[in-house]
1. Can you confirm whether segment 180-203 contains a residue that is within 20 Å of residue 277 (Cα to Cα) and either in contact with a helix residue (DSSP H, G or I) (Cβ under 8 Å, 6 or more places away or on another chain) or surrounded by fewer than 17 Cβ atoms within 10 Å (Cβ to Cβ) (or both)?
2. Of 262, 292, 234, 278, which residue is surrounded by fewer than 11 Cβ atoms within 10 Å (Cβ to Cβ) and closer than 30 Å to residue 97 by Cα?
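Bear in mind that the values in this text are calculations on the coordinates, not laboratory data. These numbers were taken from a predicted model, which means no experiment stands behind them. When we count neighbours, we look across all protein chains shown, and the Cβ atoms used for this are built from the backbone with ideal geometry, even at glycine.
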C-alpha cells in the first residue's frame with residue numbers, strides 16, 4: 001500500500017486496495033490473452049490454407065480481405081463454439097444486412113475490443129479525476145466497469161437497430177415490389193425475369209429489398225431450387241409478409257395454379273395491410289401526444305388562471 005500511495009500520491013490513499021485490485025486484474029488479462037489466442041494448428045486448417053494459396057490471387061481477393069485473413073487465425077477464440085449460438089448470431093447479422101463470411105468474427109472482435117478499450121479508459125479516468133475525491137466502492141465500480149459494459153453492449157445494440165430498420169424498410173417496400181412483379185408477369189415475363197426487373201427498378205427507393213431479390217435471381221441462375229431459394233430469402237429477411245409470400249409462391253408452384261392470379265390476390269392483401277398499418281399509427285398518435293400536451297399546456301394554463309388570485313391573496317395578507 002505504501003508503494004501504491006507513493007506512486008499515485010495522496011489521491012490514492014483512500015482507494016489504494018481498489019486500485020491494486022484493478023491493476024492486478026488488468027495485468028492478469030494482459031498475461032492471459034496470449035495463451036488464449038495461441039492455438040495449435042489444425043491439420044485440416046493447414047490443408048485449407050494450402051488450397052487457398054494454390055488459387056489465383058484475383059479469386060482469393062474476391063473472397064476474403066486482408067483484415068479478415070488476420071482475424072481468421074483467432075476464429076476459435078472470436079467465434080462461438082456452440083453451433084446453435086453461432087447460427088443465431090449469424091442469422092441476426094444476416095437480417096441486419098451483414099452477410100459476409102467473417103461477419104460473426106468481426107462482431108465478436110468489436111465487442112471484445114470496445115469492452116477492453118473502454119474499460120481501460122474508465123480506469124484512467126477514475127485514477128486521474130475521481131480517486132482523490134473520497135469515492136466509495138460503488139462509484140469506483142460505476143466509473144471503471146460502466147464504460148466496459150457500454151463498449152461490450154454497443155455492437156449488439158447497433159446490430160439490433162440495423163436489423164429493425166432493415167426489416168421496416170423491407171416491409172414498407174414489399175407491396176410496391178409485388179405490384180411491379182404482377183405487372184411484369186402479366187406482361188408475359190417469367191417469374192425469374194420479373195424478379196430481376198423488380199430488383200433493378202426498386203433499388204433507388206428500397207435497396208435492402210433490391211439486394212434480396214438480386215440474391216434470389218443469382219441463386220436461381222446458379223441452378224438452386226426455386227423453393228429453397230425463396231425459403232432462404234424469407235429467413236434472411238425475417239419479415240412475416242415475405243414468409244407468407246414465399247408460402248404462396250411455393251404452394252402455387254406445387255399445385256400448378258396461376259402465379260399471376262396468386263400475385264394479384266396477395267398484392268391486394270399487402271396493399272390493405274399497408275393501409276391498416278398507416279391507420280394504426282394514426283390512431284396511436286393522439287395517445288402519444290396526450291402526455292406532451294398535458295406537460296406543455298396544463299402548467300401554463302394553471303399559472304395564468306391561479307396567479308392573479310394568489311397575488312391578490314398575498315396583497316390582502318400584507
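1. Within segment 180-203 (the criterion being within 20 Å of residue 277 (Cα to Cα) and either in contact with a helix residue (DSSP H, G or I) (Cβ under 8 Å, 6 or more places away or on another chain) or surrounded by fewer than 17 Cβ atoms within 10 Å (Cβ to Cβ) (or both)), the answer is no, since none of the residues qualifies.
2. Within the list 262, 292, 234, 278, the selection yields 278.
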